[in-house]
Amino acid sequence: MKRNNKIKLIVLGVLYISLIAGFIVLALQDYSPVEREIMHYTNDSAPAFEVFDPSGESEAAEVTLADRGMALVIYRNQLWEQGADRDNFKKHYGGNYEFVLKNFNDFTVSEWCLKITCVPTTHVDSYWRAASESAKGEDDAVIIIVEAIKAGTEDRDQTIIHPEKEVHSDNDRVSFGMTIHSPRSSLGIKEVTLLAVTTRSILDNTMFWVLSVLGVILVFTTFLIIGLEIKSRQYRKQKEHDERIIIQSINTFVNFIDAKDPYTRGHSTRVATYSAELASKMKLPEDARRNLYYIALMHDVGKVSIPDSILQKPGKLTPEERKIIESHTTVGGQMLREFTAIPGIVSGALYHHERYDGTGYPHGLSGQEIPLFARIICVADSYDAMSSRRCYRSKLSYDEIVRELKSNAGKQFDPEIVNMMVQILEDAAAQNRLSEYNL
Ligand SMILES: [Fe+2]
């Protein structure tokens, strides 16, 4: 498996394990209902019974008491004065009050009990949408106890949920009302306490939704990675197939070239191998090295046009015959001009007999004017000529070849490439691998 894919697998594995661990931690939390105090509103700095004071004589008044994500909104719709004679009370005020209890927490509130401590002699005359009773508190304070009417006893659900989670029209609040008689025109409240059963669901936990979104993103990413990997494998397979066709076509042609001259059999393959090694030594990119190998394989393709009698002639060539032999560069360039699958293949065939000092053929290019691949092939080509037996001479020794390469650096060869070739040979000699270089 490729290193990249291993890293991807490890990262995905860690993410999946973390996600599952997150869900397990969430699932292990206690979601059972708890009975507790969830609101205790008091204001010690205010004078007793002045915490809530929908003040003034006007009928309409409104106040909101809020604590720990709960809010009790109190509206007064009506206010009237009553004489001292009624129900043996002194002069007092009657008022109609609407109460709305809101829950902004992420838990559900049910079975609640609201305790409102009011000034002495406060008295609830009637109530609606909730059950109410009164009790005596400290300093004769009156505690109005309002309880939820449990579901089933009236056609009303007294459960309170967060407004954002509201599904039904009024499930985020409960409202109830009372007619209260008070010795004051304002309703003095000392404190408000709310006891309730709270229930937390895993769905109420923000982390659950965060993890769920991350999970969806993770699964999507996994499918994306798998899809891309399949596509990339198909592409690689197709590329390998195409490359095999190119290599097989080139090799078939190379066999043609080499068959022309028994003395140079294997020449093209060896030149290609040496060229690729030089490219490697020069740290050229992988793609360039592969291309150079193919280009070098085809560098002498023009030789198929040279008559065997000239190509295999053991003796000295006449000037006309030399011209014909030299034409294998231009003929090769012509033959390959439509071979666009490998960029630079024409230059390889056309310029591999150019010399660094400008005295080569066919165009007499010099130095950096000669394409890099052609300069590399030139060194590899000459090295193979020197390390191969010819009909007119035996092959040169390691020392003779190194001497020859060095003495021609800057003349026939690019000095930098000669340096690389010599280093390759020295390394091979040191490691006893000269046989790999036909020596
Ligand atoms: Fe050649």
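FYI, it's all coordinate maths here, none of it is from the lab. Bear in mind the structure is a predicted one, so any value in this text is a computation, not a measurement. All Cβ positions, even for glycine, are placed from backbone atoms using ideal geometry, and neighbour counts span all protein chains on display.
What the table shows:
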| item | result |
| --- | --- |
| Under 15 Å between alpha carbons - lysine pairs in region 186-329 that sit 8 or more apart or on different chains | 6 |
| Whole-Å semi-axes of the ellipsoid equivalent to the chain (Cα gyration tensor, √5λ, descending) | 106, 20, 19 |
| Estimated 222 nm signal from helices in the chain, with DSSP H stretches of n ≥ 4 weighted -39500 (n - 2.57), rounded to 500 | -13500 deg cm²/dmol |
| Cross-link partners of residue 90 among lysines (Cα-Cα below 21 Å; sequence separation of 8 or more within a chain) | 136 |
| Relative packing of peptides 277-283, 293-299, 27-33 - highest average C-beta neighbours within 10 Å first | 293-299, 277-283, 27-33 |
| Order by protection proxy (mean Cβ within 10 Å, highest first), peptides 264-271, 111-118 | 111-118, 264-271 |
| Mean separation of Cα contacts under 8 Å (6+ apart) over length of the chain, as relative contact order % | 12 |
| Nonlocal amide H pairs with residue 93, under 5 Å, H built at 1.01 Å | 82, 182, 184 |
| Degrees separating the helix 415-430 axis from the principal Cα axis of the chain, which is the longest one | 90 |
| Segments 406-413, 334-341 sorted - mean Cβ within 10 Å per residue, highest first | 406-413, 334-341 |
| Helix 372-386 vs. the chain, principal-axis angle (Cα, 0 to 90°, nearest 10) | 40 |
| Residue-count net charge about residue 256 - beta-carbon cut-off 15 Å; Lys, Arg +1, Asp, Glu -1 | -1 |
| Overall form of region 216-291 per C-alpha gyration tensor (a/c, 1.5; a/b vs b/c) | oblate |
| Relative contact order computed over region 238-391 (Cα-Cα under 8 Å; 6+ residues apart), in percent | 22 |
| Global geometry of region 313-419, whether rounded, prolate or oblate, following the gyration tensor of its Cα atoms and the 1.5 cut on a/c | oblate |
| Degrees separating the helix 267-281 axis from the principal Cα axis of the chain, which is the longest one | 40 |
| Whole-Hz couplings from phi, Karplus 6.51/-1.76/1.60, listed for region 286-301; x for Gly and Pro | 3, 4, 5, 4, 5, 4, 4, 4, 5, 4, 5, 4, 9, 5, 9, 4 |
